[in-house]
Each structure stands twice: as structure tokens, then as C-alpha cells.
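The values are calculated or read from the model by the stated rules, or taken from the named source; none is laboratory data. These numbers were taken from a predicted model, which means no experiment stands behind them. When we count neighbours, we look across all protein chains shown, and the Cβ atoms used for this are built from the backbone with ideal geometry, even at glycine. When the accessible area is computed, the model is the full protein with side chains, heavy atoms only, and any ligands, DNA or RNA have been set aside. Shrake-Rupley method; radii C 1.70, N 1.55, O 1.52, S 1.80 Å.
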Amino acid sequence: DYADLTNLSLVCLVAGLTLFVTSRRLAQRARLYQAGMQSLLQLGAKGLEPLDIPPAAWPLLRAGGWQHLQLSGDWFGYLVDSEWGQKPAQPVAAGLKSRGPLAFRLSSGNDVLLVMTLSHSVVGGERRLFADQLARVFVLLLESALRVRTEAISVAVAERARLTLYLQHDMRNLAQWVGWVCADFNDCQQDEKLLAAARRLQKNAPLARERAQ
């Protein structure tokens, strides 16, 4: 009975130490990934262009165990094909979605279509769990920047269309005024009428010059 109690005590002691070491390791890893997420959020506050975010965030993703990041697709008519890190020599075996490479698809109408793939050094465990959350924060950051950028472009396009319409309207009025002046002078067959036309031109010249400028 004493031997059994001794063995049980040793088992409990070993189990307790194992749990203690495991909990300390998880807590330390959680703090590291929490710091990585805070750094990503700080990166988002810098107002970077969407395509500048992946290279800026790659050191943080690499610290989380990600080996390879590939970004490809179409960006407002321009071909995007960039990658960071070292591509795995062999693809991960098929299994649960969370155990293979992460793939994300970002789009905005017909102007933007980006496909992003991340490959991790491990296929499971707490390291991969924390890394997946870090990658998803990164994707949300990129998606938010993409939406802000496309909205800004839409506003700029609408403003340009409004200014173009205003310019066309103003140019039409100016062309009509030039035509009126030409017709006015062309109808002058006497000096008195020519003098009256010149006075009308003098009267309207300041407004015409302002419109022309």
C-alpha cells in the first residue's frame, strides 16, 4: 500500500509539473502572439496603401511561424504577383482546412481581385492556432485598407465627373459668348453700330476674362 501511494504521488507530481510547464509555455506564447497582434493594429494606424501592408507585416507573420506568403491577382488593371519567405518544398497533406495553407480571396467590384496564400511551418498544435488568429487579423487589416482605398477612389472618380461636367458647361457658355461677339461685330455696317458693339464688348469683358481664367 505504501509503494502504491508513493507511485501515485510521483505520478501526480509529474503530471502537475507537466501541466505547470505546459501552462507557462502557452502563456508565454500567448503573450508573444498578443504582442504581434498589437503590432499589426499599430501598423494599420499608419495609413499604408493596401499593397504596402503585406511587406510591412511580413516580419510579424514570420515571427509567428509563417514560412511563405503569396499575393497575386488584379489591382485596378495591374497584375500583382508577389511573395515573401520560402515556399514549402512539398505541399501539406490534405486534411482539415485549419491544418493546411490558409487561402483568402479579396475583391472589390470589377477593379480588385486578390488571392493570398499563407503556409506555416507546422500543421497543428497551439503554435498553429495562435498563428492562424494572427493571420486572420492581418487579412482583416488588409481588407479594411482595401475598402478605404476603393471608397476613396470612388469619391475621386465622382468628383472628377462633377468637375468635368461643370467644365463642359462653362466651356459651352464661353463658346456661345464668343459666337455672340463675332456675330455682333459682323453685323456692324456703320461706325455707330461698331462703336456700340465695342462698348458692349467692353462691358462684358471682365466677366468673360474671369470665366476664361
Q) Considering the zone a paramagnetic label at A183 would reach in this model (a point 7 Å from Cα along the Cα-to-Cβ line), which residues of region 151-171 have amide N under 18 Å from it? A) 171
Q: Please get the size of the charge dipole for region 99-139, origin at its Cα centre, with Cβ charges of +1 on Lys and Arg and -1 on Asp and Glu, quoted in debye to the nearest 20.
A: 140 debye
Q.
Quick check: at a probe of 1.4 Å, how many percent of the accessible area of region 59-213 sits on carbon and sulfur atoms?
A. 55 percent
